[in-house]
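Report on the following structure.
Since every read-out is calculated from the coordinates, none of them should be taken as a lab result. Keep in mind that this is a model prediction, so the values were computed, not measured. Here the Cβ is made from the backbone with ideal geometry for all residues, glycine too, and neighbour counts use every protein chain on show.
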């Protein structure tokens, strides 16, 4: 292995083995402007010129999964008991879901409750801090789906009455005196 030398911040010449260069560059001891030299070189040169591979910026880290993002410690300090703000979409999901139940499953309210609930549930999975957004969204989804099912039952009920009325009216016309 080749022996390298680098000039530290106090211009002292420090010996380093070639396999240790990467670790020193990663830790910031050797910077792109740090002077390097080895026995094959005529003069000291900047590290970025001699060993550009130590400072490659083309590396892109892999994309974090939602679970990793949630578990990631955020750079700002998180105080104990700190919660994420309430998501207005989660509140809308719950309000629309309840209105859908109150108005016998009117799809005008139930469908927006279901849509908002799904949007907010996805958002709540990505939150770092604990919050009630997931619960609000789930409640909106449940009430929205129940409201939609209730609407289907009401339509079937009135449809059956309508068909029975038509069938009854048809039967009266067939009777002979």
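What do the square roots of 5 times the Cα gyration tensor eigenvalues come to for region 3-55, in whole Å, largest first, as semi-axes of the equivalent ellipsoid?
Those come to 14, 12, 11 Å.
Give me the one-decimal nm value for the distance between modelled label points at residue 103 and residue 40, 7 Å along each residue's Cα-to-Cβ direction.
For the pair residue 103/residue 40, the computed spacing is 7.9 nm.
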